[in-house]
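To keep things clear, I will list the structure first and then write my remarks on it.
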Amino acid sequence: MDLDFNRRLSIAPMLDCTDRHERYFLRLISKNILLYSEMVVSTGLLHCKDPELFLGHEDCEMPAVLQLGGSDPAELAAASKMVERAGFSEVNLNCGCPSDRVQNGNFGACLMKDKNLVADCFKAMQDAVSIPVSIKCRIGVDEFDSWEFFRDFVGTIADAGCRVFIIHARKAWLKGLSPKENREVPPLKYEFVHNLKAEMPHLNISINGGIKTLDQVEEQLKDLDGVMVGREAYENPWFLRDADERIFGNASSPVTSRKAVLETYLPYVEKEFSKGTPATILTRHLYGLFTGLPGARKFRQVLSQEAPKTKDAAGMLRRAMDLVVED
């Protein structure tokens, strides 16, 4: 598997969004994008009675990356071994999430203040597994937002052996901004990421933040190795329709329509619903599929009103889909 090829376009790890059902659904739209899990806390994974809750996936989701949160090298190494055994293509260390929960656990974006600890974590993880280990970070944190700080952070971890970095081109404020505000308020500084690639061309560098169209993806790929897209892929997944052809040069399996994608998803819904997965969990990722089409609002209404009580999740989806007019 050529992960560097698949890194050309990846879908960001998003809490309560990129679970196994969302990953399965997005794989129906694009065969090539690199998918990420939600962040999994290493301590929680190691002590979970049912690791399948975090590690479960379908083979077709691959290539996919599981992202870990943590700051203890030994725990992260042990968790990475579980990720590899589960069959994921790569394990990623979160050094960018600014939420209070991760700060209280001393991981996420606050790790950027301790580059040597991050280097130790990376090395322990990579020594434990044969799959790649990557780092996702910001360009800075709090008052530590200079180019020199950012370059030194990446350089220290690169010296430990890391060659793959996914960089959200905003700094994080650990106090005073919510996670949502941290995705929007700090200004984007794409030049930091581009300058890093120019200075360290041997590293595989992907950029994240504010990218919403395939035109923007193609523009970024002129100088960088990859682009990571977050909320746009969740709220408007159909923008990925032409990704396989335009970004990956692969038109062998064109996606014909949104309804065709949903029809392909229905057998999965039937299987998972029969196993006890709530319809709300199976359908919450579909709200944005028909964005901009007549009937999209009615489609969302049916899902929101009927999913909590339905006894036939696939049948409910079919009824909702029939309310949409698609060219």
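See the values below:
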read-out: Cross-chain or 6+ apart pairs with Cβ under 6 Å, the stretch 285-305 first and on the phi < 0 side of the Ramachandran plot, then assigned to a helix (DSSP H, G or I) and open to solvent by 60 Å² or more (accessible area, probe 1.4 Å); value: TYR287/ARG300; GLY288/GLU235
read-out: Filtered residue count, the stretch 221-254, keeping only those that are basic (Lys, Arg), in a helix (DSSP H, G or I) and over 18 Å from the mean Cα position of the chain (by Cα); value: 1
read-out: Unique match (being touching a strand residue (DSSP E or B) at 6+ places or on another chain (Cβ under 7 Å) and either at pLDDT below 95 or on the phi < 0 side of the Ramachandran plot (or both)) among SER71, SER130, SER42; value: SER42
read-out: Unmet requirement for TYR36, which otherwise passes all of (1) in contact (Cβ under 8 Å) with a residue 40 or more places away in the chain; (2) open to solvent by 30 Å² or more (accessible area, probe 1.4 Å); (3) aromatic (Phe, Trp, Tyr); value: (2)
read-out: Subset of the stretch 255-269 that is in contact with an Asp or Glu (Cβ under 9 Å, 6 or more places away or on another chain) and part of a helix (DSSP H, G or I) - its residue that is farthest from GLY315 (Cα to Cα); value: ARG258
read-out: Any hit, the stretch 95-105, residues being outside any helix (DSSP H, G or I), open to solvent by 10 Å² or more (accessible area, probe 1.4 Å), out of contact with any helix residue (DSSP H, G or I) (no Cβ under 7 Å at 6 or more places or on another chain) and farther than 21 Å from SER10 by Cβ; value: yes
read-out: Positions within the stretch 141-172 being surrounded by fewer than 20 Cβ atoms within 10 Å (Cβ to Cβ) and in a loop (DSSP other than H, G, I, E, B), in sequence order; value: ASP142, GLU143, ASP145, SER146, ALA160, GLY161, ARG163
read-out: Criterion: open to solvent by less than 20 Å² (accessible area, probe 1.4 Å), under 26 Å from GLY44 (Cβ atoms), part of a helix (DSSP H, G or I) and among the small types (Gly, Ala, Ser) - qualifying residue of ALA109, ALA124; value: ALA109
read-out: Test set (1) in contact (Cβ under 8 Å) with a residue 24 or more places away in the chain; (2) more than 27 Å from ASN116 (Cβ to Cβ) - GLU75 fails condition number; value: (2)
read-out: Flag if GLU218 is over 17 Å from the mean Cα position of the chain (by Cα), at pLDDT 95 or above and open to solvent by 60 Å² or more (accessible area, probe 1.4 Å); value: yes
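Residue-wise test of (1) touching a Phe, Trp or Tyr at 6+ places or on another chain (Cβ under 8 Å); (2) in a helix (DSSP H, G or I); (3) in contact (Cβ under 8 Å) with a residue 60 or more places away in the chain; (4) among the aromatic types (Phe, Trp, Tyr).
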residue	(1), (2), (3), (4)
PHE25	yes, yes, yes, yes
VAL40	yes, no, no, no
LEU66	yes, no, no, no
LYS81	no, yes, no, no
PHE88	no, no, no, yes
LEU93	yes, no, no, no
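The values are calculated or read from the model by the stated rules, or taken from the named source; none is laboratory data. Worth saying up front: this structure is predicted, and the values here are computed from it rather than measured. For neighbour counting, all protein chains shown are included, and Cβ atoms are generated from backbone atoms with ideal geometry for every residue, glycine included. Protein only, heavy atoms only, side chains kept; ligands, DNA and RNA dropped before computing areas. Shrake-Rupley method; radii C 1.70, N 1.55, O 1.52, S 1.80 Å.
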